[in-house]
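Have a look at the structure below before the remarks.
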Amino acid sequence: MQYSSQAVAKPYFIAAIGLFTGQVLFGLIMGLQYIIGDFLFPAIPFNVARMVHTNLLIVWLLFGFMGAAYYMIPEETETELYSPKLALLMFWIFLVAGAATILGYLLVPYATLAQMTGNDILETMGREFLEQPLLTKIGIVVVALAFLFNLSMTMLKGRKTSIAIVLMLGLWGLAIFFLFSFYNPHNPVLDKYFWWWVVHLWVEGVWELILGSLLAFVLIKVTGVDREVIEKWLYVIITLTLVTGIIGTGHHYFWIGTPEYWQWWGSVFSALEPIPFFAMTVFAFNMVNRRRREHPNKAATLWALGTGVMSFLGAGVWGFLHTLAPVNYYTHGTQITAAHGHMAFYGAYAMVVLCIISYAMPILRGRAANSEKSQVLEMWAFWLMTVAMVFITLFLTAAGILQVWLQRYSATPIPFMAAQDQLTIFYWLREGSGVMFLIGLLVYIASFFVGGEPRKAAA
Amino acid sequence: MSGTFTKSMARNIFFGGTVFFALLFLALTFDSLQTLPKRDNRANLTPAVTAGKKVWEVNNCIGCHTLLGEGAYFAPELGNVYKRRGPEFIKAWIQAQPTGAPGRRQMPNFHLTEQQLNDLVEFLKYMSEINTANWPPNIEG
């Protein structure tokens, strides 16, 4: 590690992996509830499990992004972090607030939680992914502001690389668009319209800037390719991202009461959204092929290539699959959406965080790369989790197609629950794939505890 | 990429392109907000509907159901449930939960008052009267 203050990234990465494990466990609970409807009822109703599953996802990715930024910014700016103490303080505040929120979901009925935490003062709860109590939302803003202050002050006193600028743009965007979570108009159409300004402009907008800059950083390190080349690619990719993704928000405005011209704007621009992901895949492979050094960390390179491919498949291909308005008319809000959501989040965001952890964690632990044995185990984990996610996506897609046919498309549509009963086989297969994913995750965690002689940097 | 296309050109295209499309998005948003009153049923946005929306939110209904296709995919679409089932059925159904049928998906009992039930029904009625460009394809949602 070049700068001692980079060490603050370590607890962030550890917390991210811990919360990721929690997310997967709750995913398995929900997967089983899809088949055995009364599993764990009334102790953990489905809506509670889902809230825990999705909120843990968001929180662990945020921990991952923050850890990544604390690791990258000192190295990019060539100066110590403005305040490592503030970074550690924010870590504990965020962790405690996050844990308290999850416990609140699990232990208190949601309506009671809303009442206890001031939802009557400002009603923000009970909207998908933004279920957090007001206090937690304010906590997120405070932590984000302290985090951005810390990093921006570091930027001001150091070198300003394109990778650092893009990362900071993404992180500032993340914080700014989160402010729309405090806006909950009584008019449900307006509520939905601006709800997407958090959700879509995060995952199909500013988060992709974070994704791009993390990937570019790791590629520079593991390939030794000239920074000018990599940063030029980065700008091209994020240009494509925002040029398609901003108006691409329109693919959520087809059926929620918004004007019908969105069917055109949304279809055309979101049909172009796979292009930046494709460019990212080409970019990653290209840079690795043109590498000027053999970095001893093979696992990090694998994650870098993997996130390119899987984000293209999950976000790009599976997004395109149901983004055209005439298709979406039938698939909107079915298991097709769930299939896309799973592979896109894993491919684009989970994998890029695991990529930066894979690269940075050995260095934070005082070695260029982990031992051969540890890396082999980590690569096994990569394949187990990635193949499992491909299967989860395929089985949910199959379930979705059948659901669309039975409930929406056939000449004699049947009710929702009657259709669900016909999908059970696919839900079992999905749950099996989920168990495989968990095994992969456990192997991944085990790889941190495997010793052996660390691999040295090649001459 | 060739040497003629430099990083600073890429950066300028990024900032220019982003600003242009962000402004276009804002313009489309502005136009949408002008058009919405004709489509979003706001003439019927009564205090009961607003109260019903709050009942919907603080019981995390979106954690299982979809509403105009958005939400979780575990339980039926409710944007058009008012038309599918009618007000009395909806109230009776909510009060009868959970069914306790072995192996079936269970909905908790939220212990709603008569007032809250009525407000929730008003909210669901409101949702069913939004102009959604004919979505969902049929009454099953």
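The values are calculated or read from the model by the stated rules, or taken from the named source; none is laboratory data. On a predicted model such as this, the values are computed, not experimentally measured, just so you know. All Cβ positions, even for glycine, are placed from backbone atoms using ideal geometry, and neighbour counts span all protein chains on display. SASA here: full protein model, heavy atoms, side chains in, ligands and nucleic acids out. Shrake-Rupley method; radii C 1.70, N 1.55, O 1.52, S 1.80 Å.
Among the residues of region A:150-168, those identified as surrounded by fewer than 19 Cβ atoms within 10 Å (Cβ to Cβ) and within 17 Å of A:Lys232 (Cα to Cα) are A:Lys160, A:Ile165. Restricting attention to region A:322-362, the residues being within 14 Å of chain B (Cβ to nearest Cβ) and either closer than 30 Å to A:Val450 by Cβ or polar (S, T, N, Q) (or both) number 7. Residues in region A:429-459 that are open to solvent by 40 Å² or more (accessible area, probe 1.4 Å), part of a helix (DSSP H, G or I) and closer than 18 Å to A:Ile357 by Cα: 3 in all. In region A:252-274, the residues that are facing another protein chain (nearest Cβ under 10 Å) and of a type in the set (Val, Ile, Thr) reach residues that are open to solvent by less than 10 Å² (accessible area, probe 1.4 Å) and assigned to a helix (DSSP H, G or I) with C-beta atoms within less than 8 angstrom, at least six apart or across chains, in these pairs: A:Ile256/A:Val189; A:Ile256/A:Tyr193; A:Thr258/A:Val189; A:Thr258/A:Tyr193; A:Thr258/B:Ser32; A:Thr258/B:Leu36. Return yes when B:Arg84 is open to solvent by 30 Å² or more (accessible area, probe 1.4 Å), within 10 Å of chain A (Cβ to nearest Cβ), of a type outside the set (Gly, Ala, Ser) and not in a helix (DSSP H, G or I) and no when it is not. Answer is no for this residue. Report whether or not A:Thr241 is among the β-branched types (Val, Ile, Thr), touching an Asp or Glu at 6+ places or on another chain (Cβ under 6 Å) and buried (at least 24 other Cβ atoms within 10 Å of the Cβ). Yes; evaluated as a whole, the condition is true for this residue.
Between A:Val404, A:Val390, the distinction of being over 24 Å from the mean Cα position of the chain (by Cα), surrounded by 15 or more Cβ atoms within 10 Å (Cβ to Cβ), β-branched (Val, Ile, Thr) and part of a helix (DSSP H, G or I) belongs to A:Val404 only. Of all residues assigned to region B:93-112, none qualifies as being closer than 25 Å to A:Gly400 by Cα, at pLDDT 95 or above and not in a loop (DSSP other than H, G, I, E, B). Only one entry of A:Gly333, A:Gly316 meets the criterion of being in a helix (DSSP H, G or I), open to solvent by less than 30 Å² (accessible area, probe 1.4 Å) and over 21 Å from A:Thr21 (Cβ atoms), and that entry is A:Gly316. Across region A:178-194, not a single residue is classified as more than 30 Å from B:Glu122 (Cβ to Cβ), crowded, with 24+ Cβ neighbours inside 10 Å, facing another protein chain (nearest Cβ under 10 Å) and modelled with pLDDT of 95 or more. The residues of region A:408-428 that are in a loop (DSSP other than H, G, I, E, B) and open to solvent by less than 30 Å² (accessible area, probe 1.4 Å), listed by number, are A:Ser410, A:Leu423. Residues in region B:53-77 that are over 23 Å from A:Thr258 (Cα atoms), part of a loop (DSSP other than H, G, I, E, B) and at the interface with chain A (Cβ under 7 Å from one of its Cβ atoms): B:Asn59, B:Asn60, B:Cys64, B:Phe74. Is it fair to say A:Asn47 is among the polar types (S, T, N, Q), over 19 Å from the mean Cα position of the chain (by Cα) and within 14 Å of another protein chain (Cβ to nearest Cβ)? Spelling it out, A:Asn47 is indeed among the polar types (S, T, N, Q), over 19 Å from the mean Cα position of the chain (by Cα) and within 14 Å of another protein chain (Cβ to nearest Cβ).
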